[in-house]
Amino acid sequence: MKSWFNIFNEVSVNPIVRSRVVNIMKCHLIKKETDMTLALTPLSASFGAEVDSIDLSRPLSSAEVGIVDEAMARYGVLVFRSQRLTPHDQLRFAQYFGNLDLGFKKASRSPNRLGQEHVLDISNVDESGNVAARSHRKIIGNLANQLWHSDSSFQNPPARYSMLHAVELPPSGGETEFADVCEAYDCLSETMKQQLQGLHAEHWALHSRFLLGDTDYTEEQRLAIPPVSWPVVREHPISRRKLLFIGAHASHIEELSIAEGRLMLMDLLEHATQPRFVYRHSWKPGDVVMWDNRSTLHRGRPFNLSVRRELRRTTTLEESAPYARQST
């Protein structure tokens, strides 16, 4: 019997046909466990869904974890509304989906005010709990998040899922956008798909920071996360869809000159982040957004940095990443 992912991959890219498959899969997910309901409302024609009737502050059954995992493989982005999570609750939820990732914190060595090392403080709040001054490194972090990227693409293994919980929000701005890099690959010309075969991009943790002029790092920090090389086109390990593995951490393409490779990466990023591939999330307090870093890119949008904004992120690692090779 064919899996739902294989059926989905065989249907037309016509949004009407695809929406019918989405509805079939929605019923399939709900019926997997008779004593629970996981209602999914698609957020766009190609990816993303809002989840109803699940409380992430309580322990989940193995069946519930399996259903969330399956929905992630299909939708790439899941939105859970009205969640009240302590850092401990958020940590427990993340641990259902793999080993936890510190990501850029391994290089920045920034202090943690939340009491849980793997619950990352995505905020403009300093160590004392006040809104950070414009010269504070927390502000650089907020600005760097506005670049399109995949979390921890600069390491092996890279990130699998990220989960971001909204605690306190400004009255406007600060949305998060997600781009569907599977759909973006599907919509490339056949000529471009051929050109991308066999190409590898080097990803480095500090490349995106250097783009913003944030270069004040010790030699130890610069060496904390060595560069890693990834195929520009990867295959998702569950859905088996091809995807563009690009973003702000990708510094150059190894098989091309620096100039030619960077222009290609910029063109691919411009293609992948067209509005037709993007879901824009407007945050509400208590939202938890969970995304697959393999099948999506994301970026934050600007907000008034003098107004308190506090979100908390947990991230899990891929179980294995056979396509990586260490850069030299």
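Enter the accessible area per residue of the chain (Å², integer; probe 1.4 Å; all protein chains in place).
Details: 14560 Å² over 328 residues.
Per residue, the chain has an accessible area of 44 Å².
Give a quick list of trypsin sites (Lys or Arg not before Pro) in the range 219-328 that DSSP marks as loop, anything other than H, G, I, E or B, with at most 12 other Cβ atoms within 10 Å.
On the way: sites: Arg222, Arg234, Arg240, Arg241, Lys242, Arg262, Arg276, Arg280, Arg294, Arg299, Arg308, Arg309, Arg312, Arg313, Arg325; in loops: Arg240, Arg241, Arg294, Arg308, Arg309.
Those satisfying the criteria are Arg240.
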Original post:
If only Cα atoms are counted, what is the Rg of the range 178-328, and what is its Dmax, in Å?
Top reply: 16.6, 47
Original post:
When the label point is put 7 Å from the Cα of Ser282 along its Cα-to-beta-carbon vector, which residues of the range 175-209 have a backbone N closer than 16 Å?
Top reply: 175-178
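Considering only DSSP beta bridges where both residues belong to the range 36-141, give the percentage that are antiparallel (nearest 5).
Working: 5 of 8 bridges.
Antiparallel bridges: around 60 percent, rounded to the nearest 5.
How many percent of the alpha carbon pairs in the range 123-219 exceed a separation of 18 Å? Don't skip to the end; give the middle numbers.
Numbers: 3017 of 4656 pairs.
I get 65 percent for the Cα pairs in the range 123-219 exceeding 18 Å.
Could you tell me the ratio Rg/Rh of the range 93-160? Both radii from Cα atoms, Rh via Kirkwood. Each step should come with its number before you reach the end.
On the way: Rg = 12.9 Å, Rh = 13.3 Å.
When Rh is taken as the Kirkwood radius, the ratio is 0.97.
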Original post:
How large, in percent, is the carbon and sulfur part of the accessible surface of the chain at a probe radius of 1.4 Å?
Top reply: 52 percent
Original post:
When the helix-only estimate is applied to the chain (DSSP H runs of n ≥ 4, each -39,500 (n - 2.57), divided by the residue count), what is the mean residue ellipticity at 222 nm, nearest 500 deg cm²/dmol?
Top reply: -8500 deg cm²/dmol
**OP:** Please report the base-10 log of the normalised intensity I(q)/I(0) for the range 170-246, using a Debye sum with one equal scatterer per alpha carbon and no solvent, at each q in 0.12, 0.21 (1/Å).
**Re:** -0.55, -1.00
**OP:** Can you list which of the trypsin sites (Lys or Arg not before Pro) found in the range 87-121 are DSSP loop residues with at most 13 other C-beta atoms within 10 Å?
**Re:** Arg109, Arg113
Subject >> Translational diffusion of the range 226-306, µm² s⁻¹ [Kirkwood Rh, Cα pairs; Stokes-Einstein; 4 °C; 1.567 mPa s] >> reply: 86 µm²/s
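Taking a cut-off of 35 Å, what percent of all Cα-Cα pairs in the chain are separated by more than that?
Values: 9984 of 53628 pairs.
Roughly 19 percent, rounded to a whole number.
The values are calculated or read from the model by the stated rules, or taken from the named source; none is laboratory data. Given the structure is predicted, the values throughout are model-derived calculations rather than measurements. Glycine also receives a Cβ, built like all others from the backbone with ideal geometry; neighbour counts cover every protein chain displayed. Only protein heavy atoms, including side chains, enter the accessible area calculation; ligands, DNA and RNA are left aside. Shrake-Rupley method; radii C 1.70, N 1.55, O 1.52, S 1.80 Å.
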